[in-house]
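First the structure, in the form of structure tokens, and then the observations on it.
Readers should treat all values here as calculations from the given coordinates under stated rules, not as data from a laboratory. All figures in this text were calculated on a predicted structure; none of them were measured in a lab. Reconstructed Cβ throughout: ideal geometry from the backbone, glycine too, with neighbour counts over all protein chains shown.
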Amino acid sequence: MGGGTLLDFARGPGMEWALAILVFGIVWRLVGIFTLKRPKDLAEPRAGASAIGAMWVIISRTWPHKEFRERVLHWEVVSYLFHGGYAVAILGYAPHILLIRALIGISWPGLPGGVIAFAAGISGVALIALLMHRLNSPVLRKISNFDDYFSWLVAFMPLPTGLMAYYHLGGNYEWMLGFHMLTGEILLAWLPFGKIMHTILFAFSRGTTGLAYSRKGAPL
Amino acid sequence: MTTSDTAVLPGDPHVGVPDKQGTASDAERLDRAMHSFLRDFGANNAVYLESCVHCGQCAEACQYYVQTGDPKYTPIWKIEPFKQAYKREMGPLSPIYRLLGLKKRVTAAELAEWQELIYDSCTMCGRCTLVCPMGIDIASLVGSVRHGMEAAGLVPHDLKVTMDRAKTEGSPLGATPKVLKERLAWMADEHQVEIPLDLDKADILVTISSIEIMKYPQSIAALAKVMRHVKASWTFRSDGYEATNFGMLGGDRVGQRQATMKLIEAAIKVGAKVVILPECGHAYQALRWQGANVYGKPLPFKVLNISEYLAEKIAEGKLHLKTDTRSVTFHDPCQVARRGGAIAAPREVLHALGVDLREMKDTGAFNWCCGGGGGVVTIKRADPLRYRVFQIKMRQVDDTGAELLVSTCSNCRQTFDDGQAHFHWDKAAHSLLELVADNLAERS
């Protein structure tokens with residue numbers, strides 16, 4: 001496939017299909033979870049329990065409690081380097097913002113290309129470190145499955161392809177840009193079907209425990 | 001699980017030898033477990049099972065992993081068959097998994113293999129819940145897996161015997177109504193204190209743990225002295241006194257309901273406004289937080305752990321205490337504190353006693369389990385592993401340099417007693433209630 005053809009596909013049907021699968025998949029998975037029975041908790045809540053307190057857990061769990069930091073903080077920091085760099089690259093790069101504006105009509109000022117490239121580089125290096133950790137840690141080796149490795153690949157690919165397109169590396173620019181867009185579309189299409197869905201589910205999961213523990217007056 | 005993944009501890013005879021109850025075939029056992037699992041695949045469990053990112057952080061909060069370094073003790077791995085069954089049979093992506101053969105059926109052999117992970121090496125202490133970046137309450141998932149294991153007849157024999165005894169005799173340790181009456185009479189006589197039993201009406205129904213009746217009967221006298229001091233209208237009931245709930249611990253829904261309903265019916269019969277739960281961690285979980293859900297409607301009375309009652313009476317100015325100047329460290333029972341929310345009450349009582357409270361490094365909700373919860377203390381074959389994790393607790397207590405170790409759980413207390421004997425440790429766990437009873441001031 002030539003560069004122009006691939007880019008046309010990525011800008012056209014590729015993007016449309018990816019977005020359609022993304023929306024359908026997210027709705028399917030959320031409906032599949034939340035239509036299951038959820039018995040009401042009839043225990044009298046502790047005095048002072050509040051839903052606001054429960055919702056706070058959604059934010060507070062973003063950083064580990066001091067009691068656990070010695071054992072988990074280092075890898076959590078690496079994980080945030082990945083997540084933070086990724087967010088900056090996706091939401092700060094002007095062409096990405098233009099694409100988002102074309103899709104949903106909102107936009108914001110972009111960041112300089114060098115900043116984006118740096119953020120993407122940090123994110124990619126952090127992702128490689130996380131993969132090495134998964135391959136070397138006995139705990140992670142034991143609990144990992146296909147989803148962990150495939151989702152890693154799907155999340156990783158837009159980073160080097162994006163950097164190569166940005167720096168005009170890897171031959172034909174149009175082809176590389178098309179390939180980069182395609183990796184992004186694969187990411188969007190895969191999101192509802194693997195662990196990357198945690199970008200949405202984390203709030204529900206934290207909130208579920210937050211509500212249960214808040215009723216008990218138990219700190220989380 | 002490969003051989004290399006199995007850390008065989010010195011003197012540990014049990015690994016790879018699951019207990020089985022009954023003569024059902026493997027297919028029948030699997031069928032029963034799957035039916036139970038399906039019943040527990042509600043929205044809460046589903047959102048947990050869908051959200052795990054396999055980060056492995058839960059291992060770092062688990063005493064079994066921390067002490068052994070064996071990855072099989074990673075909390076989320078302990079519920080793997082449940083997760084696998086959910087993803088294959090019930091999850092939103094299950095049609096895809098089945099169509100493409102991406103998730104294998106759980107087998108009876110896997111369930112049997114997981115017995116050690118779901119019972120021997122998990123006290124359902126919930127410490128992993130506090131570290132999980134997704135906030136997954138793994139302990140509640142373990143509870144659901146235990147339902148399936150019990151249905152399949154795959155409970156460790158020692159625990160199962162205790163559960164069955166609770167069901168047939170009303171007490172896991174043989175503390176029948178006759179034994180209760182004898183013990184109450186003995187304590188009333190020895191301590192010269194009135195202990196009301198089977199009154200028709202009372203404001204407060206007091207319950208007790210079999211462990212206290214059989215091993216620490218002095219706690220009965222301590223309770224009676226406190227109730228006399230605050231001039232409470234109270235009674236024990238021989239038709240509803242046993243606060244432990246081994247059905248809940250082992251995964252037996254019927255046994256759990258039976259034990260819970262006895263207390264609820266007795267409380268309603270005497271018109272109790274308050275039910276006081278004894279120094280027993282899981283009793284608090286069973287009645288305070290699960291009781292209404294078992295009953296099917298809100299409970300028509302208030303449920304308090306004894307530490308909450310003591311703190312309440314101190315705040316009301318009805319409980320007057322002498323000062324005890326000793327240094328004390330407090331062990332929070334997991335089901336009362338971390339998973340129950342009653343963290344401030346015992347500290348308010350200790351403050352009123354005037355002790356020099358020396359908190360452990362990880363305390364309150366972050367406290368390390370004694371290793372005896374979740375029915376683990378009943379499983380003899382798990383003793384070597386239990387002693388290993390108990391060493392965390394010993395270090396925690398020793399580091400405070402406190403003269404006295406106090407707790408509000410008789411199950412923790414017997415775990416401490418056992419650990420003390422095993423390690424020839426110079427510390428013993430004491431009861432907060434007994435400490436209060438020993439320091440009651442004369443009423444002016």
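Odds and ends about this structure:
- Å³ per residue enclosed by the Cα convex hull of chain A: 167 Å³
- Sum of side-chain charges, residue B:235 neighbourhood, beta-carbon under 10 Å (Lys, Arg +1; Asp, Glu -1): -1
- Shielding by partners, peptide B:133-141 (average Cβ within 10 angstrom, other chains): 6
- Across A:66/B:322; B:20/B:273; A:37/B:313; B:215/B:361; B:178/B:380; B:262/B:361, pairs whose alpha-carbon gap is larger than 32 Å: A:66/B:322; B:20/B:273; A:37/B:313; B:262/B:361
- With only the Cα atoms considered, the protein assembly as shown has a convex hull volume of 166 Å³ per residue.
- With viscosity 0.890 mPa s and temperature 25 °C, the Kirkwood radius over alpha carbon pairs of the stretch B:315-438 converts through Stokes-Einstein to a diffusion coefficient of 165 µm²/s.
- In the stretch B:302-350, the GluC sites (Glu not before Pro) that fall in loop regions by DSSP, at most 12 other Cβ within 10 Å: B:316
- Summing Lys and Arg as +1 and Asp and Glu as -1 over all other residues whose Cβ lies under 12 Å from the Cβ of residue B:90 gives a net charge of +4.
- The fraction of all Cα pairs in the stretch B:8-155 landing in successive 10 Å bins from 0 to the largest distance is 12, 40, 36, 11, 0, given as whole percents.
- Paramagnetic label zone (point 7 Å from Cα along Cα-to-C-beta, residue A:37; backbone N under 19 Å) in the stretch B:151-184: B:151-152
- Extension gain, residue B:261 to residue B:316, is 16.7 nm, computed as 0.36 nm per intervening residue step minus the present C-alpha separation.
- With each label modelled as a point 7 angstrom along the Cα→C-beta vector, the residue A:11-residue B:113 pair spans 5.3 nm.
- Pairs of Cα atoms farther than 27 Å apart, the stretch B:161-307, %: 13 percent
- A simple spin-label model places the labels of residue B:359 and residue A:50 2.2 nm from each other, with each point 7 Å out along Cα-to-Cβ.
- Placing dummy labels 7 Å off each Cα toward the beta-carbon, the span from residue B:426 to residue A:131 is 5.6 nm.
- At R0 = 60 Å, FRET efficiency that the Cβ-Cβ distance of residue B:105 and residue B:197 yields, to 0.05: 0.65
- Calculated FRET value between residue A:108 and residue A:199, using beta carbons and R₀ = 30 Å, to 0.05: 0.95
- For A:198-210, mean number of other protein chain Cβ atoms within 10 Å: 6
- Sites residue A:118 and residue B:26 - FRET efficiency at Förster radius 45 Å, r taken between beta-carbons, to 0.05: 0.20
- Legend: ranking of residues A:75, B:368, A:63, A:56 from fewest to most surrounding C-beta atoms inside 10 Å; resulting order A:63, A:56, A:75, B:368.
- Positive dipole terminus of the stretch B:315-438, leading residue within B:346, B:414, B:378 (C-beta point charges): B:378
- Segment residue A:101..residue A:146, full-extension length gain: 12.7 nm, with 0.36 nm per residue of separation and the alpha-carbon distance subtracted.
- Neighbour net charge for residue A:4 - beta-carbon separation under 12 angstrom, K R +1, D E -1: -1
- Between 0 and 90°, nearest 10: helix B:218-229 axis offset from chain B longest Cα axis: 50 degrees
- Between the residues A:81, A:116, A:32, the greatest Cα displacement towards the positive end of the dipole of the stretch A:29-127, with unit charges on the Cβ of Lys, Arg, Asp and Glu, is found for A:32.
- Nearest 10 degrees, 0 to 90: helix B:80-89 Cα axis against chain B principal axis: 60 degrees
- Between helix A:94-104 and chain A: long-axis angle, C-alpha atoms, 0 to 90°, nearest 10: 70 degrees
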